[in-house]
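This report concerns only the one structure given below.
The values are calculated or read from the model by the stated rules, or taken from the named source; none is laboratory data. Everything quoted here is computed from the prediction, not taken from an experiment. Here the Cβ positions follow ideal geometry from the backbone for every residue, glycine too, while neighbour counts run over all protein chains shown. Accessible surface areas use protein heavy atoms only, side chains included; no ligands, DNA or RNA. Shrake-Rupley method; radii C 1.70, N 1.55, O 1.52, S 1.80 Å.
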Amino acid sequence: MPGRRRVSSQSSGAGLLLLLLLAPPVAADELADAGGLLDTGRYRECLQQATANAAADPTDEAWSLLRLRALLAVGEVEAARAHVEAALAKLPRSIRLRLLAREVFLRDGAAERADQMLREVALLGRRYFRTFRDAASRVVIGRARLLLGEDAKAVMDGYFVPAKHGAPELVDPRIAIAELALAKHDYALAAEEARAALALEPEAADHQLLLARALGSSDPEGAAHALGRALALNPFQHDALLLEADQGIGRESYVAARAHLDRVLAIDPGRWEAWAYLAVLAHLAGDEARERECRATALDRWPENPGVDHLIGRELSEKYRFSEGAARQRRALELDPEFGPARFQLAQDLLHLGEEREGWRLADEALRADEYNVVAYNLMVLHDVLADYATLAGEGYVIRMEAHEAEVYGARVQELMAEALGELCARYELERERPTMLELFEEQKDFAIRTFGLPGGEGFLGVCFGDLVTMKSPASQGERPSCWEAVLWHELCHVVTLNKTRNRMPRWLSEGISVWEERRRDPAWGQTMNPEYRAKILAGGATPVSALSSAFLSPDGQLGLQFAYYESSMVVEYLVATHGFETLVAILDDLGAGVSLDASLTERCGTPAELDAAFAAWFRALAESFAPDATWEPIEPEPADPDAWLAWAVAHPNHALGLQRCATALVAADRAGEARPLLERAVELCPTLVGAGSAYPLLARILEESGDVERELEVLRAWTRRDADTLPARRRLMELLEARSEWDELATVAAAMLAVQPTIPAGYRTLARAAEALGHPEGTLRSGRALLALDPVDPAEVHLMIARASAELGDEAGAKRAVLRALEAAPRYRPAHRLLLELVGAQGEAGDR
């Protein structure tokens, strides 16, 4: 016999109730054992036992309910309906039977009878209020009222929470609260209540599944553990297998997803969710006939079921196919105009497509209809934030950003948008049909809500949905921001490739092209080989090309995810180097036409096995050629003091990382003179190494302190040429270049610094001075205006720069306004007085002529 569980009045996954407490002791034991058969996936055995006991006493509610659950589990809908019709007559006051009967009627396509069951539950609850005052009954009535469309918060506070407090030993209220919270995207509450349910019933597969769903967005490892535990407890749990299939589709593990769906259909051949997922797989494979067949089968018994098209559309939207997803949600709403999940998913799809008027309207309607919808609430709060953003528009693009930031560097964003879209569309032979929208968020939480619907997503810098790009502005990135220009170029490349393929490309290829294009645009952008990547490749840690999507969807930690980006970009580099850029474009054309990536690669580059082997050999050779004179063996044991480090360095003169660590120990001991040659050697061995383990920062510091300006310049130039994100090195380089009046290079370095943090006044001040020295008044004017927006320490000087530039450009009125503002800020500012006299004199001479 299966192990007994705590006596409960509900099976949490389906929201159904058992009346074990009402049965005599012997019958309760037998009922618990039969329920254990159901809960562990032994559905046929449970059905046999429940059928015999229900036939022996048709008025026994508990056995009747258990038989119904078993019939539904094996997909015997006709038998379930026949049982319901008979049981309703025998149990005229059973609210539990009616709640379960609703599911039976729905699965048999009798929607009106299903609604009638809910109305009867509500009626019986009112008529026999004293009979149904117990906690389990209050949960049943609350569930019915929720399904009838009553306010979710009112049901939570009026039924579920009081039931939980009134019967803390009962699991039913915990599950009801968790399921409601999950439906409203309140994942923290859902997880809390699922854990509380597991504390009461540790061996319940349904509760483990509920926890897995609650943790899915915040704790992937915890979610995976809970899902695995659910399937260990019940290997045939339908919803757990469906979740496995859903995750397999997300990971592009389509064979595995199909296997999970086959297991579901082997148990319940008519399970509509499984057929809907099969329709998704057929759609992704470009098999329209099979998609229609699977959808029709999903709708066979319940033709008006809006859930079928909603599920298909939701999955397509998760693949960033928002147009196709939105079409499925509209189809779902044709079947049931009041189906809230489809209406809200359509709102999100439209917002991702840039169809904002209808998207925001639907999101607002969703919140008005359900004030407990956390995502809808977050979106409408964000809507009010966006209303205060500045809008910048150009040919083929629209930008929204915080008004003050737009004043400072909005013009540069526009320039880069135009440059990237123009260059990349031409390279990839794309004619865009819709404008590209960019939204730059000053606050991390606003970026997360626009992108994911909920707070979080701290590791993301930008996301592209096709024609919409959301990005964190540099202001939201803290003290060590990434190069925002590189991020924007990366995301705009996604715009081009996703449009080129109609969003029909695997993630690895999309990310690979974007990182590769970053490196093409600027060698300091994108990722390059480093010691960690080298070691991973040589240890056999690279993922085969045929499985690269899994490296993104199930990465081995943060390093594994970063390596997936790098490896994908190197696959693209390999394809272009071996087969030509035109082949890459042709592959994207194939994907857009519905050809699978495997088929396209096989035709143009070789079979998956051939490509895997060829790339692996090429990639390994690349790793072996990285810093060929350097050694990288582990430092074991680590030296204990500077002298021991020096002895170690003598014995390992080519260990680039070790030399840097030795030098660090020496500098800490005030022995910088001994450290410098070690750092010079480390740079010589591996000049491309920046970031962790790089010798550049310490070497530059030693050179500055020693006064060796020429060598310091060389080191700073080499460092900044390879590292897009370093700000201190660029600040120091700017100081040295300005002292030497090397204006061209100074302007380049200042622009690169502002590409990382565009709100640094020193960057604009330097650009303005360089532009003045080079005779570029347009640059002076632009930098001066940006500097004014940053509330400079000496506004008079900035106004004077603007006045001079305006005068050079022939804008005498603008020059006079600027010089007057300079004098307003500093009335005795003599250079401003002189310029004003010059402007007035020039105007007088012009009048005389």
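Consider the range 239-262 and keep the residues that are in a helix (DSSP H, G or I) and modelled with pLDDT under 95. The one that is most open to solvent (accessible area, probe 1.4 Å) is VAL255.
Residue-wise test of (1) among the polar types (S, T, N, Q); (2) more than 30 Å from ALA224 (Cα to Cα); (3) assigned to a helix (DSSP H, G or I).
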| residue | (1), (2), (3) |
| --- | --- |
| ALA551 | no, no, yes |
| GLY560 | no, no, yes |
| SER568 | yes, no, yes |
| VAL576 | no, yes, yes |
| ALA586 | no, yes, yes |
| LEU591 | no, yes, yes |
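Residues that are surrounded by 15 or more Cβ atoms within 10 Å (Cβ to Cβ), in a loop (DSSP other than H, G, I, E, B) and in contact (Cβ under 8 Å) with a residue 12 or more places away in the chain within the range 598-634 comprise PHE626, ALA627, ALA630, TRP632, listed in sequence order.
From the list ALA842, ALA747, ALA826, ALA762, pick out the single residue that is at pLDDT 95 or above and open to solvent by 10 Å² or more (accessible area, probe 1.4 Å). Write out each step before concluding.
Working: ALA842 fails: at pLDDT 95 or above; ALA826 fails: at pLDDT 95 or above; ALA762 fails: at pLDDT 95 or above.
Of the residues listed, the single one that is at pLDDT 95 or above and open to solvent by 10 Å² or more (accessible area, probe 1.4 Å) is ALA747.
Being surrounded by fewer than 17 Cβ atoms within 10 Å (Cβ to Cβ) and either within 20 Å of THR766 (Cβ to Cβ) or touching a helix residue (DSSP H, G or I) at 6+ places or on another chain (Cβ under 7 Å) (or both) is the filter here; which residues of the range 814-823 pass it? Break it down stepwise before answering.
From the range 814-823, those surrounded by fewer than 17 Cβ atoms within 10 Å (Cβ to Cβ) are 814, 817, 820; that's our starting set.
Of everything in the range 814-823, just one residue is surrounded by fewer than 17 Cβ atoms within 10 Å (Cβ to Cβ) and either within 20 Å of THR766 (Cβ to Cβ) or touching a helix residue (DSSP H, G or I) at 6+ places or on another chain (Cβ under 7 Å) (or both), namely GLY814.
The requirement of being modelled with pLDDT of 90 or more and over 30 Å from PRO337 (Cα atoms) is fulfilled somewhere in the range 449-462, by at least one residue. Residues of the range 317-360 that are open to solvent by 10 Å² or more (accessible area, probe 1.4 Å) and of a type in the set (Asp, Glu): GLU318, GLU324, GLU334, ASP336, GLU338, GLU355, GLU356, GLU358.
Among residues of the range 277-295 that are within 18 Å of PHE322 (Cβ to Cβ), those with a beta-carbon under 8 Å from a residue that is among the aromatic types (Phe, Trp, Tyr) and surrounded by 15 or more Cβ atoms within 10 Å (Cβ to Cβ) at least six positions away or on a different chain give the pairs LEU284/TYR254. Output the residues belonging to the range 794-813 that are surrounded by fewer than 20 Cβ atoms within 10 Å (Cβ to Cβ) and closer than 18 Å to GLU407 by Cα. If the condition is that a residue be surrounded by fewer than 20 Cβ atoms within 10 Å (Cβ to Cβ) and closer than 18 Å to GLU407 by Cα, then PRO795 is the only one that fits. For the range 28-42, a residue qualifies if it is open to solvent by 20 Å² or more (accessible area, probe 1.4 Å) and closer than 16 Å to PRO235 by Cα, and the qualifying residues are ASP39, THR40, ARG42. Across the range 689-713, the qualifying residues are those that are at pLDDT 95 or above and among the β-branched types (Val, Ile, Thr), and the one among them that is surrounded by the fewest Cβ atoms within 10 Å (Cβ to Cβ) is VAL709.
Filtering the range 791-811 for residues that are over 18 Å from LEU835 (Cβ atoms), in contact (Cβ under 8 Å) with a residue 40 or more places away in the chain and either outside any helix (DSSP H, G or I) or not aliphatic (A, V, I, L, M) (or both) leaves an empty set. Scanning the range 461-486 for residues that are closer than 21 Å to PHE552 by Cβ and either touching a helix residue (DSSP H, G or I) at 6+ places or on another chain (Cβ under 7 Å) or buried (at least 23 other Cβ atoms within 10 Å of the Cβ) (or both) yields LEU461, GLY462, VAL463, CYS464, PHE465, GLY466, LEU468, VAL469, THR470, MET471, LYS472, ALA486.
None of GLU407, GLU402 is crowded, with 19+ Cβ neighbours inside 10 Å and farther than 18 Å from HIS494 by Cα except GLU402.
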